[in-house]
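Colleague: Dumping the structure here so I can ask a few things about it.
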Amino acid sequence: MKGAIGGIVDRLKVSITLSLTPAIILLSEKSSNSKADQKSEAKNEKKTKQTGSYTNTHKSGKKYHGKGDKERMKKSGEEKAKKYNDPVKSQDWTPAENDREAFKQESRRMETDEGGYKSSNNYNKRDSPGTEYRKQDGE
């Protein structure tokens with residue numbers, strides 16, 4: 001375009017391009033974070049979480065024994081507190097080398113309650129896979 005109007009149009013094109021450039025870069029960065037990338041990140045995050053076993057003791061004295069990381073222990077405590085209207089009084093967590101060992105720890109914790117998972121002193125509903133692992137490993 002020629003003349004004053006052409007100059008204005010050219011400047012507008014440059015201005016619009018410069019204004020959009022950061023947004024385009026931002027969009028391209030977000031689009032590179034695909035669902036596959038997000039799943040991979042989640043798997044890596046899960047791998048870095050330390051597994052273990054835990055016991056949540058509630059105000060009533062009832063316990064819940066479980067397997068997982070510290071976040072799982074906290075979430076489990078909150079769930080049982082809400083479900084049974086029984087706030088968490090204390091939490092105990094022990095790290096384990098792997099999931100199998102964590103399940104075995106969980107099984108041992110359940111045995112501390114007379115009657116194991118069937119005890120009226122805990123909120124556990126089923127036995128731990130660790131009980132079978134312990135048998136297989138000669139415990």
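Colleague: Could you look through segment 102-128, keep only residues that are part of a helix (DSSP H, G or I) and of a type in the set (Asp, Glu), and pick out the one that is surrounded by the most Cβ atoms within 10 Å (Cβ to Cβ)?
Modeller: Only one residue tops the list, namely 106.
Colleague: Same structure again: Are any residues in segment 77-125 more than 11 Å from residue 58 (Cβ to Cβ), free of Cβ contacts under 8 Å to residues at least 40 places away in the same chain, of a type in the set (Ser, Thr, Tyr) and in contact with a Phe, Trp or Tyr (Cβ under 9 Å, 6 or more places away or on another chain), and if so, which ones?
Modeller: 107
Colleague: Same structure, new question: Counting only residues that are under 13 Å from the mean Cα position of the chain (by Cα) and not in a helix (DSSP H, G or I), which one in segment 63-87 is farthest from residue 129 (Cα to Cα)?
Modeller: Here the answer is 69.
Quick note: the coordinates plus some simple rules give every number you see, no bench work behind them. All figures in this text were calculated on a predicted structure; none of them were measured in a lab. Positions of Cβ are backbone-derived with ideal geometry, glycine not excepted, and every protein chain shown enters the neighbour counts.
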